[in-house]
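The values are calculated or read from the model by the stated rules, or taken from the named source; none is laboratory data. In this text, all values refer to a predicted model and were calculated from it rather than measured experimentally. Cβ placement follows ideal geometry from the backbone for every residue including glycine, while neighbour counts extend to all protein chains displayed.
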Amino acid sequence: MHDPSYLLAEALGTRLRTLNLCLALAESCTGGGIAKAITDVPGSSGWFDRGFVTYSNDAKIDMLGVKPETLATVGAVSEETALAMAAGALTHSNADVALAVTGIAGPDGGTPVKPVGTVFVAWQIRGAIGVCLKKQFSGDRQSIRQQVTLFCLQQLLHVLETLH
């Protein structure tokens, strides 16, 4: 029996193929976990272009074009950064759709304003405006990262199911 992330990634791939769309990822707090779930699916190279694991601020700037001012003013864990990551993934790939995630998996790094488990998930379809959700997860580091991976796959699948 496959785990839930595999089943979601498989469904996501089916939907992307149906729409003739290709995906790129920009991951921070999940550390490549979403890309792993996707690439566990045989044939995913037909609908997954590439993934960027941009854990550091420098990686977000260098690989995705996130503006240093954005990181300095609102931080890496913010709506603005997640949206910039999604836009950057599209700019630096051949994909039609990008998903980006940035957050605090813990156990350290939380603040009263952005406690551990705070995550911003953004997606953008080429030629459209990006959308971002803020979500709060709980548990230990591994649990938060697993929950975020599942949430991201579910959200993107939901978004793509609304397209014709």
Just a yes or no: is a residue in the stretch 57-71 without any contact (Cβ under 8 Å) to a residue 40 or more places away in the chain, surrounded by fewer than 19 Cβ atoms within 10 Å (Cβ to Cβ), over 28 Å from Ser138 (Cα atoms) and among the hydrophobic types (A, V, I, L, M, F, W, C)? yes
Filtering the stretch 55-78 for residues that are farther than 24 Å from Pro112 by Cβ and touching a strand residue (DSSP E or B) at 6+ places or on another chain (Cβ under 6 Å) leaves a count of 2
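So that you can scan it fast, the table gives a plain yes or no per residue for (1) hydrophobic (A, V, I, L, M, F, W, C); (2) on the phi > 0 side of the Ramachandran plot; (3) in a loop (DSSP other than H, G, I, E, B):
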| residue | (1), (2), (3) |
| --- | --- |
| Ala35 | yes, no, no |
| Gly51 | no, no, no |
| Thr70 | no, no, no |
| Thr81 | no, no, no |
| Ala100 | yes, no, no |
| Gly106 | no, yes, yes |
| Gly110 | no, no, yes |
| Lys114 | no, no, yes |
For the stretch 122-144 the number of residues that are within 28 Å of Arg17 (Cα to Cα) and buried (at least 23 other Cβ atoms within 10 Å of the Cβ) is 3
Return the pair list, or none, for Cβ contacts closer than 9 Å from residues in the stretch 11-31 that are free of Cβ contacts under 8 Å to residues at least 24 places away in the same chain to residues that are surrounded by 18 or more Cβ atoms within 10 Å (Cβ to Cβ) and assigned to a helix (DSSP H, G or I), at least 6 apart or on different chains. Thr18/Leu160
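So, Val148, is that one touching a Phe, Trp or Tyr at 6+ places or on another chain (Cβ under 7 Å) and at pLDDT 95 or above or not? Working first, answer last.
On the way: touching a Phe, Trp or Tyr at 6+ places or on another chain (Cβ under 7 Å): yes; at pLDDT 95 or above: yes.
For Val148, the condition - touching a Phe, Trp or Tyr at 6+ places or on another chain (Cβ under 7 Å) and at pLDDT 95 or above - is met.
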Pairing a residue in the stretch 120-149 that is farther than 16 Å from Met85 by Cα and without any contact (Cβ under 8 Å) to a residue 60 or more places away in the chain with any residue that is among the charged types (D, E, K, R) and surrounded by fewer than 18 Cβ atoms within 10 Å (Cβ to Cβ), where Cβ atoms lie under 6 Å and the two sit 6 or more apart in sequence or on different chains, gives none
hydroxyl-bearing (Ser, Thr, Tyr), surrounded by 13 or more Cβ atoms within 10 Å (Cβ to Cβ), within 15 Å of the chain's Cα centre (by Cα) and at pLDDT 95 or above, is that true of Thr54? yes
Return the pairs, sorted by first residue and then second, in which the second residue is β-branched (Val, Ile, Thr) and assigned to a helix (DSSP H, G or I), the first residue lies in the stretch 150-161 and is in contact (Cβ under 8 Å) with a residue 40 or more places away in the chain, the beta carbons are less than 6 Å apart, and the residues are 6+ apart or on different chains. Cys152/Ile34
Considering only residues of the stretch 15-44 that are of a type in the set (Val, Ile, Thr) and surrounded by 15 or more Cβ atoms within 10 Å (Cβ to Cβ), which is farthest from the chain's Cα centre (by Cα)? Val41
Among the listed residues Ile34, Ile61, identify the single one that is closer than 25 Å to Gly103 by Cα, in contact with a Pro (Cβ under 8 Å, 6 or more places away or on another chain) and modelled with pLDDT of 95 or more. Ile61
The condition from (1) more than 14 Å from Ala122 (Cβ to Cβ); (2) surrounded by 21 or more Cβ atoms within 10 Å (Cβ to Cβ); (3) aliphatic (A, V, I, L, M) that Met85 misses is numbered (1)
